[in-house]
Amino acid sequence: MPEATALARRLAAGPTKGYALLKRALYASAGNSLDAQLDLERDLQREAGLSEDYREGVAAFMQKRKPVFKGK
């Protein structure tokens, strides 16, 4: 149980918006053609790149600190 709790905390502190976008891509992949999936992934990458979490991740990397993601 302690290991599961630690994993849950780590995931909750991570880039939850990015996780959600990844899940959308994965769920859609079973029914999409390659072209449709690539289009979806392009759109999701654009959405991710415009997010506050993306900016926070880049800023944290540049400042050599741990990021504080907000799911936005």
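The values are calculated or read from the model by the stated rules, or taken from the named source; none is laboratory data. Just so it is clear, the model here is predicted, and its values are computed rather than measured. Note that each Cβ is placed from the backbone with ideal geometry, even for glycine, and that neighbours are counted across all protein chains shown. These area figures cover heavy atoms from the full protein model, side chains too; ligands, DNA and RNA do not enter into them. Shrake-Rupley method; radii C 1.70, N 1.55, O 1.52, S 1.80 Å.
List of remarks:
- Candidate values (i) 19, 17, 10; (ii) 26, 19, 8; (iii) 26, 14, 10, label of the one derived for semi-axes √(5λ) of the Cα gyration tensor in Å: (ii)
- Accessible surface of the chain, 1.4 Å probe: 61 percent of it comes from carbon and sulfur atoms.
- Between the listed residues ALA36, TYR19, GLY57, the Cα displaced farthest toward the positive end of the dipole of the chain, a dipole computed from Cβ unit charges relative to the Cα centre, is found at GLY57.
- Measuring nothing but how far apart in sequence close Cα pairs (under 8 Å, 6+ apart) lie, relative to its length, the chain scores a relative contact order of 38 percent.
- Computed on protein heavy atoms with a 1.4 Å probe, the accessible areas place ASP39, ASP53 in the order ASP39, ASP53, largest first.
- On Cα atoms only, tilt of 52-62 relative to the major axis of the chain in degrees: 60
- Think of it as helices only: each DSSP H run of n ≥ 4 in the chain is worth -39500 (n - 2.57), and spread over all residues that comes to -23000 deg cm²/dmol at 222 nm.
- Accessible area per residue in Å² at 1.4 Å probe, computed on the chain: 81
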